[in-house]
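Chemist: Below is the structure I would like to discuss, written out as structure tokens.
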Amino acid sequence: MFHFIQRCCFQVPSKIIYLQRFQQPRNKFCYSPFEYRRIFPPKLQLFKHASLCPTKIQDFHSSTCSWKRKKPSEHASDKLDTPLFDWASLKDSPKPAIHLAVAGLIPLVSVPLVMAIQKVSYPELAFAQITYSASMLSFLGGIRWGFTLPEGSPAKPDWLNLANSIVPSLIAWFTLLFKDLTTAGVMVIIGLMIALHYDIVLLPTYPNWFKALRVILTIVSASAVFVTLIIVNYCPEKYLSFKMKEAEDSK
């Protein structure tokens, strides 16, 4: 009975002994492999190994991921804020250019105006309007070619500028091959829009006043041809001469 009381009351628990040994400096003790395994169980060794991982990771540099968009540079922001053309620059255009441009729109606008007033379609006038539009389209390509020739011009005579100056002329020639007025008119409108895209967006080297004038001329020309196509398809036909009417009836 005495031994039992002594064992229960006066014997120090094994965990307290374990903590005391663990807190003592390591250099004063030299444990054997078996004693080291008894004092430091496998679970404690695993915990000790895992506690060393954060200290090793601290040696590596890690930066936080930023999801914010990078601010564009001043040069890039200037390009984004710069408009393709400026309407206010029209006041800087030479007067001969304004007068000749307005005079060049008279043949285009007069054709649908005459047919709309009479509520009939004249195939001869519609074909003349499409032919005139094709010649204007070819002229716009020639402007690009001539703009690259002077020394010091911002548009260099390279493959891009010279090849794009030929495209409007090819579209104009291809337009006149169609016998159907609707198909020819659609081709002319597409060619005018392509030429405008080249001059304003793809190759923006013209003066600001000329680019603004080009936008106005292209919109008016394409709208006039479009109105003519509507009248040709929905209004009765009427020929200007009886000989042409008889030739058409004989076919």
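The values are calculated or read from the model by the stated rules, or taken from the named source; none is laboratory data. This structure is a prediction, so every number in the text was calculated from the model and none was measured. Every residue, glycine as well, gets a Cβ built from its backbone with ideal geometry; the counts of neighbours run over all protein chains shown.
Chemist: Taking interchain pairs and intrachain pairs at least six residues apart, which have beta carbon atoms under 8 angstrom, with the first residue in the stretch 226-241 and in contact (Cβ under 8 Å) with a residue 12 or more places away in the chain and crowded, with 16+ Cβ neighbours inside 10 Å and the second assigned to a helix (DSSP H, G or I) and among the polar types (S, T, N, Q)?
Modeler: Listed by first residue and then by second, the contacts come to T228/Q129; L229/T182; V232/T182.
Chemist: Could I ask something else about it? Give the number of residues within the stretch 120-150 that are assigned to a loop (DSSP other than H, G, I, E, B) and either under 30 Å from E237 (Cα atoms) or in contact (Cβ under 8 Å) with a residue 24 or more places away in the chain (or both).
Modeler: Qualifying residue count for the region: 2.
Chemist: Here's a follow-up. Give all pairs with beta carbons closer than 6 Å in which a residue from the stretch 151-164 that is within 15 Å of I194 (Cα to Cα) meets a residue that is part of a helix (DSSP H, G or I); count only pairs at least 6 apart in sequence or on separate chains.
Modeler: Partner pairs satisfying both residue conditions: N164/Y198.
Chemist: Now for a separate question. What helices (runs of 4 or more DSSP H) completely inside the stretch 172-251 contain at least 3 residues that are more than 25 Å from the chain's Cα centre (by Cα) and at pLDDT 95 or above?
Modeler: The helices (runs of 4 or more DSSP H) meeting that bar are 181-197, 208-234.
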